[in-house]
Amino acid sequence: MVPLVVGGVAAALILLYVAIAATLYHRLFAPVRRTFLDDFMFTPWEFQADYEEVDLVTADGVAFGAWFFRQPGSPHVIVVSPGHKGRRQDLLGISVALWRKGFNVLCYSYRGMAGCDPAVVTMGVREVQELAAAIGFGRRRVRGARIGLLGYSMGAVVSLLGAAGDPGVEALVLDSPYVDPRRVVRENVRRSTFLPGVLLVGPVSLWVRLRHGVRLGDASPMGVLSGLEPRPLFFIHGAADQTTSV
C-alpha cells in the first residue's frame, strides 16, 4: 500500500511540474491569440495625430504592423519598442507625446501579436529584426534621418541589441531592461511559485532551443555594451519594479 501511495504522490508531483513548465512556456513564448476586442482598441486617429499605417517585414519574413507619426521638416526619428508581447497600442501615450514635441515617431508591434504574422516570441532574440525593419523604414521615409531609440523592458533590451549592430543609431533611452532573460524569468518564477526558478527555466530554455532554435542567452545585452560607446545611454529603473530587479 505504501509504495502505491508514494508512487501516486510522485506521479502527481511530476504532473504538477509539467503543468507549471507548460504554463511558463505558454506565457513566455506562445503568440497571442486574436480576440474581438482587438478591433476596439485606440489608434492615433483618436488623438488627432498626423500618422500613417505601416506594414513592415523582417529579414526572416515576418510581417508586422507599425504606426508612423509624421513631423515634416524634422530629421529626428524616435523608434519606440514595447515590452514583452507588446503592441503598438501600448505605446500610444508616449508616441503621441513625442510627436507633439516635434519628433517623427515610429512604434510597432512584435511578431506573434494581433495584426502580425503568428510566430514564437523569443524574449528579444529575434524581435531585434522588427526593430531593424522599423529603423530601415525611418531612414527611407525621412531624408537624413537621425535615429534615436526608446524601449521598455524587453524593448529596452531589443534597443540595446539593435543599436550595437547599427552605429547609425545616435542615442538610446532604456526603461527597465533586464540583464539576462533567463535571470528575470528565474526571479519571477521564484516570486510567484516559491520554487527555485532554475528547476523550471533550465528545461524550458532547453525546449525552446531544441524546438525553435532560440538561445535565450543571445538576448543578454551585457556583451554588447562596449559596442555602444560613445553614444549616450539613458537608463531608467524603479526600485519597486516587481518584474525586473534593478
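Side notes on the structure shown:
- Matching option when the condition is hydrophobic (A, V, I, L, M, F, W, C), modelled with pLDDT of 85 or more and more than 20 Å from the chain's Cα centre (by Cα), among 240, 219: 240
- Residue tally, condition over 18 Å from residue 128 (Cβ atoms) and in contact with a helix residue (DSSP H, G or I) (Cβ under 7 Å, 6 or more places away or on another chain), over region 55-88: 4
- Checklist (1) within 11 Å of the chain's Cα centre (by Cα); (2) without any contact (Cβ under 8 Å) to a residue 40 or more places away in the chain applied to residue 109, failing item: (2)
- Residue that is nearest to residue 242 (Cα to Cα) [pool: residues in region 200-227 that are open to solvent by 30 Å² or more (accessible area, probe 1.4 Å) and without any contact (Cβ under 8 Å) to a residue 24 or more places away in the chain]: 202
- Elements of type helices (runs of 4 or more DSSP H) in region 127-218, at least 1 residues being under 17 Å from residue 22 (Cα atoms) and out of contact with any Asp or Glu (no Cβ under 7 Å at 6 or more places or on another chain): 181-193, 198-212
- Evaluation of residue 87 against the conditions (1) basic (Lys, Arg); (2) farther than 27 Å from residue 224 by Cα; (3) modelled with pLDDT under 95 shows that the sole unmet condition is (2).
The values are calculated or read from the model by the stated rules, or taken from the named source; none is laboratory data. All values reported here derive from a predicted model rather than from experimental measurement. Virtual Cβ from ideal backbone geometry, glycine too; neighbours counted across all protein chains shown. Ligands, DNA and RNA are stripped out before the accessible areas are found, and what is left, the full protein with its side chains, is counted by its heavy atoms. Shrake-Rupley method; radii C 1.70, N 1.55, O 1.52, S 1.80 Å.
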